[in-house]
């Protein structure tokens, strides 16, 4: 039996829809913030600087619907599922580490921002 090769470049491919779902900034940051075993809503909001309550709620619902995040068994917080943990460990942790290590390289190749532009390492 022959199986079709998955192609993330094909808009009709399911793998493309997975990449599209994960490609927004908030999904990446919320999953990255949930590296600890479990966080309450307010803890996630505090860790993910700049996210509004509305966007955090929408992002948590989306990630829960797709099986990456789950409400804690006692209903007190959120945690990664095994699928979310594998995404963090295999993809997002290396991506975020690369981003943190190459901030200067990327910044040096684009016009200076109107204000600030500095950042502190994330609290983990």
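The values are calculated or read from the model by the stated rules, or taken from the named source; none is laboratory data. Keep in mind that what you see is a predicted model, and the values were worked out from it rather than measured. Please note: Cβ atoms are built from the backbone with ideal geometry, for glycine as well, and neighbour counts cover all protein chains shown.
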Exercise. Restricting attention to region 109-116, does a residue exist that is in a helix (DSSP H, G or I), more than 12 Å from the chain's Cα centre (by Cα), at pLDDT below 90 and more than 25 Å from residue 42 (Cα to Cα)?
Worked result: no
Exercise. Conditions: (1) free of Cβ contacts under 8 Å to residues at least 12 places away in the same chain; (2) over 15 Å from the mean Cα position of the chain (by Cα). Residue 86 meets all but one. Number of the miss?
Worked result: (2)
Seminar exercise, completed: Filter region 67-76 for residues that are surrounded by fewer than 17 Cβ atoms within 10 Å (Cβ to Cβ) and in a loop (DSSP other than H, G, I, E, B); the one that is modelled with the highest pLDDT is 67
For this session: Quick one: residue 51 ticks every box in (1) over 13 Å from the mean Cα position of the chain (by Cα); (2) surrounded by 15 or more Cβ atoms within 10 Å (Cβ to Cβ); (3) assigned to a loop (DSSP other than H, G, I, E, B) except a single one, so which number is it?
Result: (1)
Exercise. Residues in region 66-82 that are out of contact with any helix residue (DSSP H, G or I) (no Cβ under 7 Å at 6 or more places or on another chain) and touching a residue at least 40 places away in the same chain (Cβ under 8 Å): how many?
Worked result: 1
Problem set entry | Identity of the residue in region 11-48, surrounded by 12 or more Cβ atoms within 10 Å (Cβ to Cβ) and part of a loop (DSSP other than H, G, I, E, B), that ends up modelled with the lowest pLDDT | 36
Exercise. If only one of 56, 63, 92 is touching a residue at least 12 places away in the same chain (Cβ under 8 Å), touching a strand residue (DSSP E or B) at 6+ places or on another chain (Cβ under 7 Å), assigned to a helix (DSSP H, G or I) and surrounded by 15 or more Cβ atoms within 10 Å (Cβ to Cβ), which one is it?
Worked result: 63
